[in-house]
Amino acid sequence: MTKRPSFPDGFQVLPEYFNREQQSALVTQLRDILVKAPLFQPVMPKTGKAFSVRMSNCGPLGWVSDIKGYRYQPLHPTTGEAWPDMPNILLELWKDVAPDAPAPEACLINFYQTTAKMGLHQDKDEDMFEAPVISVSLGDTATFRVGNTTRGGPTSSLRLTSGDVVVLAGESRLAYHGIDRVLPGTSTLLKNGGRINLTLRRVTSD
DNA sequence: CAGTAACG
DNA sequence: CATA
């Protein structure tokens, strides 16, 4: 019997969870957020190599990466201001998908121009892993890769289109995942193309 | 460390 | 494509 690599347990895609109208409303709110909390260019710890994605955050905590390491912090790294509030539609998404989890504290905003990629990684900078990671895709379609909780195993690839929601719960909470490629011209949501990914996370265990 | 490139 |  042939067995194709399967997705890790707890991994779920909710195709087009947000309709076009909701996606547009979200983009409008994100524009305001990005005025107050501009996209910044993260770099890898130790090496200082630049990420190809640009980032910002909303919510009480934001994920940042610089020469010193990965961490969550309450202030924007260049403006020194608090991160803007998380849009209500995202809090509602969290309550819908993870009704038993404590409220999300961080919403990482990753902006991918068409050449940007994100290597395989785990989301493991949080103090607790019981709550799922929930992510929203907006704009151009991307090729998403997901593996298991250890490096080196089989991986599967999947296209994420605008409005899709991905849930990393249970075993898949610590699954390796990344973005291989953004497919140019596959959505009209963002005027200048590219892709936005929102990642909602519970950070603290309080 | 969520980076890339060279290599088997 | 998996590994360093």
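Laboratory data are not the source of any read-out in this text; all were calculated from the coordinates shown. Note that the structure is a prediction, hence the values are computed from the model and not measured. As a convention, Cβ positions derive from the backbone with ideal geometry for all residues, glycine included, and neighbour counts pool all protein chains shown.
Ranked highest first by the average count of other Cβ atoms within 10 Å around their residues, in what order do A:125-134, A:86-95 fall?
With the highest mean Cβ count within 10 Å placed first, the list reads A:125-134, A:86-95.
Which length gain, in nm to one decimal place, applies between A:Val43 and A:Leu14 when the Cα-Cα distance is subtracted from 0.36 nm times their residue separation?
Taking A:Val43 through A:Leu14 to full extension adds about 7.3 nm, to one decimal.
When you count, for each residue, the other Cβ atoms within 10 Å and take the mean per peptide, how do A:193-204, A:27-38, A:163-174 rank with the highest first?
Sorting A:193-204, A:27-38, A:163-174 by mean packing, highest first, produces A:193-204, A:163-174, A:27-38.
Hey, got the dipole for chain A? About the Cα centre, +1 on K and R Cβ, -1 on D and E Cβ, debye to the nearest 20?
960
Along the positive direction of the dipole of region A:68-175 (beta-carbon charges: Lys, Arg +1; Asp, Glu -1; about the Cα centre), which of A:Ala98, A:Phe144, A:Val133 reaches farthest?
In region A:68-175, that residue is A:Phe144.
Once each part is reduced to its C-alpha centroid, what is the distance from region A:3-53 to region A:136-184 in angstrom?
Cα centres, region A:3-53 to region A:136-184: 11 Å.
If you take every residue apart from A:Thr141 with its C-beta less than 15 Å away from the C-beta of A:Thr141, what net charge results, scoring Lys and Arg +1 and Asp and Glu -1?
+2
Express in nm, to one decimal, how much length is gained between A:Asp100 and A:Glu81 on full extension, taking 0.36 nm for each residue of separation and deducting their alpha carbon distance.
3.8 nm
Mind listing the phi-derived Karplus ³J(HN,Hα) values for region A:146-157, rounded to whole Hz, using 6.51, -1.76 and 1.60 with θ = phi - 60°, and x for any glycine or proline?
Karplus-based 3J(HN,Hα) across region A:146-157 equals 10, x, 9, 7, 10, 6, x, x, x, 10, 10, 10 Hz.
Just add up the charged neighbours of A:Pro38: K/R +1, D/E -1, any other residue whose Cβ is under 14 Å from the Cβ of A:Pro38.
Once all neighbours under 14 Å are counted, the net charge is +1.
Out of A:Pro15, A:Gly170, A:Val35, whose Cα points farthest toward the positive end of the dipole of region A:11-201 (charges: +1 Lys, Arg; -1 Asp, Glu; placed on Cβ)?
It is A:Val35, whose Cα lies furthest towards the positive end.
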